[in-house]
Amino acid sequence: MKKIITVILYMFCAVSLYAQTGTSLSCLDNYTIPVNIKGAVIGKLINTDSNNVETILLVKDTSGMFRIDKKGFIALKANVKVLPSSNIFRYGITLKVKGKQIGFELVKDDFLHNKVVAHRGAWKNHQLTENTVGSLKKAIELGCEGSEFDVWLSSDNIPVICHDGSVKGKQIEKTTAEELQKVDLENGDVVPTLEQYLLTIKSQNKTRLFLEIKSSGVSQERSLAVADSVVRLVHALKAQAWVKYISFNYGVLQRIHQLDLTASTAYLNGDKKVNELNNDKVSGLDYPFYSFHSDKTLTTDAHRLGLSVNVWTVDNKEEMKFLLKEGVDQITTNEPEMLLELIKMNY
């Protein structure tokens, strides 16, 4: 029964929502709770259907720790703080807006900021398969800031994880998720679904996901359907605090922003100037390492506009040193162990 419900959810998510211009999901402008601060302000509901804070009510609070102030901000109660030693890190709340109830999860902010993003997870030095739950768990175990991975839609509209458009001779977009999960990968691994990745990442609050949406080989319309399915599943599982979106497809990033006005997005292709990214509400750039040699002020220019700066894919120690001196925010690498050690020793 659970499997049937999940499949129905995926199929619902994959409906052509991109035709509904301007359709946005309710979201918060922040999902993380500052640690050790009494009465800490967390964030505010962003909802295009209602700008009147008097219509927003906190109707469910599983911990009894939260309040909404007169300006509509969600905050801890005046004498409440989240302790660093607390093992509890997920807190459910439900808001009521114009008769509609919307659930969110707020997360204790223990997220790492060590710049290390494991490319396709941490697999290369551990006899693991890339883009699997095992490689994701290893990235978490190593203490990486993020774990990057790639998402496609199967033929039955289920988001699945794979770098290439095919696996062991099966084309992702022409094969059902059930059939894909029968493919034998190395070390007994299987092709994971996005749901499995999201549930895994939500078991901790140190490492985030850098979720790449791949461009469909079928059509741009199909690429937008991937974005729709992915964003709506992230919201359905209340995993917003853990996810950053990246893509080579500029239209996909624009679609994500349409759906979720506060989603963190970054462009991968390297052919856009920072002013264009900023004007189009893209949160940051995630450019190949050579871009930072051809444009000496790229990092500075991006940071001046408040854009995040990530770099791919860097497996050379000297290149890592150069980029760290440049002050980039993240470095995506197949050698997370090398980068972690370099940062520990020198930065």
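The values are calculated or read from the model by the stated rules, or taken from the named source; none is laboratory data. Predicted, not measured: the structure shown is a model, and the values here were computed from it. Neighbour counts are summed over all protein chains in view; Cβ atoms, including those assigned to glycine, are modelled from backbone coordinates with ideal geometry.
The table below gives the values:
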quantity	calculated
Matching option when the condition is buried (at least 19 other Cβ atoms within 10 Å of the Cβ) and in a helix (DSSP H, G or I), among 266, 302	302
Region 130-155, residues that are buried (at least 20 other Cβ atoms within 10 Å of the Cβ) and assigned to a loop (DSSP other than H, G, I, E, B)	130, 131, 132, 144, 145, 154
Qualifying residues in region 69-101 (those that are assigned to a loop (DSSP other than H, G, I, E, B) and touching a Leu at 6+ places or on another chain (Cβ under 9 Å)) - the one farthest from residue 203 (Cα to Cα)	72
Hits in region 63-95 (condition: at pLDDT below 95 and at negative phi)	69, 70, 71
Criterion (within 30 Å of residue 225 (Cβ to Cβ) and of a type in the set (Asp, Glu)) met by exactly one of 286, 295, 301	286
Selected residue [surrounded by fewer than 21 Cβ atoms within 10 Å (Cβ to Cβ), touching a residue at least 40 places away in the same chain (Cβ under 8 Å) and not acidic (Asp, Glu)] from 169, 188, 165	165
Condition met for residue 274 (in contact with a helix residue (DSSP H, G or I) (Cβ under 7 Å, 6 or more places away or on another chain), buried (at least 19 other Cβ atoms within 10 Å of the Cβ), β-branched (Val, Ile, Thr) and closer than 15 Å to residue 197 by Cβ)	no
Among (1) touching a residue at least 40 places away in the same chain (Cβ under 8 Å); (2) more than 12 Å from residue 197 (Cα to Cα); (3) in contact with a helix residue (DSSP H, G or I) (Cβ under 9 Å, 6 or more places away or on another chain); (4) not β-branched (Val, Ile, Thr) - the single one residue 154 does not satisfy	(1)
Test: residue in region 287-307 that is within 30 Å of residue 157 (Cα to Cα), in contact with a strand residue (DSSP E or B) (Cβ under 9 Å, 6 or more places away or on another chain) and free of Cβ contacts under 8 Å to residues at least 60 places away in the same chain	yes
Enumeration of residues in region 119-137 that are over 26 Å from residue 287 (Cβ atoms) and of a type outside the set (Val, Ile, Thr)	126, 127, 128, 134, 137
